[in-house]
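These notes concern the structure reproduced below.
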């Protein structure tokens, strides 16, 4: 069995990536920060299906020492999925240095140093890295200045790693469109949701399964590297 580490794997899209990979014969390391209870519940459920195939590690990716601890805890690795992300609205005018640190550290710095720290272990297994990016890495989302910048950086990081870590490690990205509404759904009115869905060519919201299936496809595609796949129902056609 191959082994995959999924950051932010306790809930939402991350949890579905965990389930899909586990269903396809991967051992799983679930990383979490504040969602330890959810991560343990998910781990217990999957271990009841296949014993000792899932474990949980926790740590705040905003802290560089925690990243080193995660790297040291991994013995062997075939797939790193950099899924953990910080997302909240802040315009340029309202952004503070704390926002820059909170968002960039998790969304960009952590994937860089996890990829760097785990590169030898991945290379030993001809492994791969998959970064969960965002369609707004190309076209900015209004009032999410630092977030947009972090995801644009993650797109470039994906291409940079693909070039520098080849030929032993493949590196690709998945850019979700409107898959799940933000957890603070009160920030988006029903009218705004309707307008957002109308801009999607397929006229519907996506599912975490769509992202997880694409991650699995890239994990199994031995001749694809340096690519970013938009999973957005055609949203980028109307950006």
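Taking the criterion of being crowded, with 18+ Cβ neighbours inside 10 Å, touching a strand residue (DSSP E or B) at 6+ places or on another chain (Cβ under 8 Å) and not in a strand (DSSP E or B), the residues of segment 218-233 that qualify are 218, 219, 225, 232. Checking 215, 171 one by one, the residue that is under 21 Å from residue 26 (Cβ atoms), outside any helix (DSSP H, G or I), within 20 Å of the chain's Cα centre (by Cα) and modelled with pLDDT of 95 or more is 171 and no other. Restrict the check to segment 177-194 and report whether at least one residue is assigned to a helix (DSSP H, G or I), touching a helix residue (DSSP H, G or I) at 6+ places or on another chain (Cβ under 9 Å) and under 17 Å from residue 235 (Cα atoms). There is at least one residue in segment 177-194 that is assigned to a helix (DSSP H, G or I), touching a helix residue (DSSP H, G or I) at 6+ places or on another chain (Cβ under 9 Å) and under 17 Å from residue 235 (Cα atoms). Only one residue in 163, 139 is over 18 Å from the mean Cα position of the chain (by Cα), part of a loop (DSSP other than H, G, I, E, B) and touching a residue at least 60 places away in the same chain (Cβ under 8 Å), so which one is that? After ruling out the rest, the residue left standing is 139.
Please verify whether segment 99-108 includes one or more residues that are buried (at least 19 other Cβ atoms within 10 Å of the Cβ) and touching a strand residue (DSSP E or B) at 6+ places or on another chain (Cβ under 6 Å). No, segment 99-108 contains no residue that is buried (at least 19 other Cβ atoms within 10 Å of the Cβ) and touching a strand residue (DSSP E or B) at 6+ places or on another chain (Cβ under 6 Å).
Checked against (1) under 27 Å from residue 95 (Cα atoms); (2) without any contact (Cβ under 8 Å) to a residue 60 or more places away in the chain; (3) surrounded by 19 or more Cβ atoms within 10 Å (Cβ to Cβ), residue 188 meets all criteria but (3). Restricted to segment 51-69, and to residues there that are within 19 Å of residue 27 (Cβ to Cβ) and touching a helix residue (DSSP H, G or I) at 6+ places or on another chain (Cβ under 7 Å), the residue that is surrounded by the most Cβ atoms within 10 Å (Cβ to Cβ) is 54. In segment 1-23, the residues that are in contact (Cβ under 8 Å) with a residue 40 or more places away in the chain and at positive phi form Cβ pairs under 6 Å with partners that are part of a helix (DSSP H, G or I) and buried (at least 24 other Cβ atoms within 10 Å of the Cβ), at six or more places apart or across chains, as follows: 8/14.
Could you identify the single residue in 49, 97 that is more than 28 Å from residue 224 (Cβ to Cβ) and without any contact (Cβ under 8 Å) to a residue 24 or more places away in the chain?
97
A single entry from 128, 76, 58 fulfils the requirement of being within 18 Å of the chain's Cα centre (by Cα) and closer than 30 Å to residue 224 by Cβ: 128.
Restricting segment 120-136 to residues that are out of contact with any helix residue (DSSP H, G or I) (no Cβ under 6 Å at 6 or more places or on another chain) and part of a helix (DSSP H, G or I), the residue that is nearest to residue 176 (Cα to Cα) is 122.
The values are calculated or read from the model by the stated rules, or taken from the named source; none is laboratory data. Predicted, not measured: the structure shown is a model, and the values here were computed from it. Neighbour counts run over all protein chains shown; Cβ positions are idealised from the backbone, glycine included.
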